[in-house]
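Take a look at the structure set out below.
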Amino acid sequence: MPTTKSAIKAMRGSARKRKVNLVTISKYKEAIKAVRKALTGKKKDEAVKLLSGAYSQLDKAVKKHVIKKGKSMRLKSRLAKAIAKIQ
């Protein structure tokens, strides 16, 4: 446990930020899962529609510094590649 006053305050702030970050993380993960679920069902049209939502959530996560830009780009690329594979 922190002993100094500033460390105690930092811990409180860190807990608040963690809650916000977890919401952001769950949003982009759910969006990715939705796209992948559509892909496993061979529903290309639905996957393409969901892809823009996933892109949006990933961009928001990068903007909030929850994930790094490279991870976002990698995830977007893999989703787009997977959609392109479907006939």
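Which order do the peptides 58-64, 73-79 take when ranked by the mean count of other beta-carbon atoms within 10 Å per residue, highest first? Show your work: numbers first, answer last.
On the way: 58-64: 16.6, 73-79: 14.7.
Descending mean neighbour count gives 58-64, 73-79.
Grab the DSSP H runs of the chain that are 4 residues or longer, score each as -39,500 (n - 2.57), total them, divide by all residues and round the 222 nm result to the nearest 500 deg cm²/dmol.
-29500 deg cm²/dmol
Given the pairs Lys17/Lys42; Lys17/Lys49; Lys43/Lys76, which are separated by over 28 angstrom at their Cα positions?
Lys17/Lys42; Lys17/Lys49
Would you work out the Kirkwood radius for the chain? I mean one over the mean of 1/r across all pairs of different Cα atoms, in Å.
14.5
FYI, it's all coordinate maths here, none of it is from the lab. All values derive from a computational prediction rather than experimental measurement. Neighbour counts are summed over all protein chains in view; Cβ atoms, including those assigned to glycine, are modelled from backbone coordinates with ideal geometry.
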